[in-house]
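> For reference, the structure I am asking about is given below.
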Amino acid sequence: MRFIESFVVAASPEAVFDYTTNPANLREWQTSKTSVQQLSDGPPGLGTRVRERTKPPGVKEFDRPRHFHVHIVEGPQPIDGTWTLEPDGAGTRVLFVAEGELRGPTRFIAPIVQRVMAREFAGYHRNLCENLQRG
């Protein structure tokens, strides 16, 4: 399964990168999260591990302010996410790619699961834009 979304945020790549990679902000823009805990010490960076109530990802790539990749290490579906950030005028163009193999019975309804997940991430990204534009 794979889906891609591209959108523009009215903030610099550094601001978008720092906001999206800070575990303290995760519940603000990925609203399905009920708890988020950073497991690694120090500021977010390569190898940072985070526990979310639904699925705990690990940061696999961290190239501030251009690119980061989240790898799902456990949870119902191993769908990883990659965000690539590029300057776009006074803002930032974000390219998001979600990829992974569905497991269990959900693999038989992959097109439906893909549409649902794409819609969910589009909502997360709207929250991201609104939160950063509010300041």
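> Would you tally the residues in the range 3-24 being under 12 Å from the mean Cα position of the chain (by Cα) and surrounded by 17 or more Cβ atoms within 10 Å (Cβ to Cβ)?
So the count comes out to 6.
One line per residue, one yes/no per condition, for (1) closer than 20 Å to PHE121 by Cβ; (2) assigned to a loop (DSSP other than H, G, I, E, B):
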| residue | (1), (2) |
| --- | --- |
| GLU5 | yes, no |
| VAL8 | yes, no |
| VAL16 | yes, no |
| LEU26 | yes, no |
| LYS33 | yes, yes |
| GLN37 | no, no |
| SER40 | no, yes |
| GLY45 | no, yes |
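> For the range 81-132, which positions are more than 20 Å from ARG27 (Cβ to Cβ) and of a type in the set (D, E, K, R)?
Filtering the range 81-132 down to residues more than 20 Å from ARG27 (Cβ to Cβ) leaves 82, 84-93, 95, 97, 99-116, 118.
GLU86, ASP88, ARG93, GLU99, GLU101, ARG103, ARG107, ARG115 - these are the residues of the range 81-132 that are more than 20 Å from ARG27 (Cβ to Cβ) and of a type in the set (D, E, K, R).
> Hey, GLY91 hits all of (1) in contact (Cβ under 8 Å) with a residue 40 or more places away in the chain; (2) within 12 Å of the chain's Cα centre (by Cα) but one; which does it fall short on?
Against the list (1) in contact (Cβ under 8 Å) with a residue 40 or more places away in the chain; (2) within 12 Å of the chain's Cα centre (by Cα), GLY91 comes up short only on (2).
> Of all the strands (runs of 3 or more DSSP E) wholly in the range 60-135, which have at least 2 residues that are of a type in the set (Asp, Glu) and under 18 Å from GLU5 (Cα atoms)?
Values: elements: 67-72, 80-88, 91-99.
Correct list: 80-88.
> Quick check: anything in the range 80-98 modelled with pLDDT under 90 and surrounded by 13 or more Cβ atoms within 10 Å (Cβ to Cβ)?
Residues of the range 80-98 modelled with pLDDT under 90: 80.
Among the residues that remain, those that are also surrounded by 13 or more Cβ atoms within 10 Å (Cβ to Cβ) are: 80.
Within the range 80-98 (the criterion being modelled with pLDDT under 90 and surrounded by 13 or more Cβ atoms within 10 Å (Cβ to Cβ)), the answer is yes, since at least one residue qualifies.
The values are calculated or read from the model by the stated rules, or taken from the named source; none is laboratory data. This is a predicted model, so every value here is computed, not measured. Using ideal geometry, Cβ is built from the backbone for each residue, glycine included, and neighbour counts are taken over all protein chains shown.
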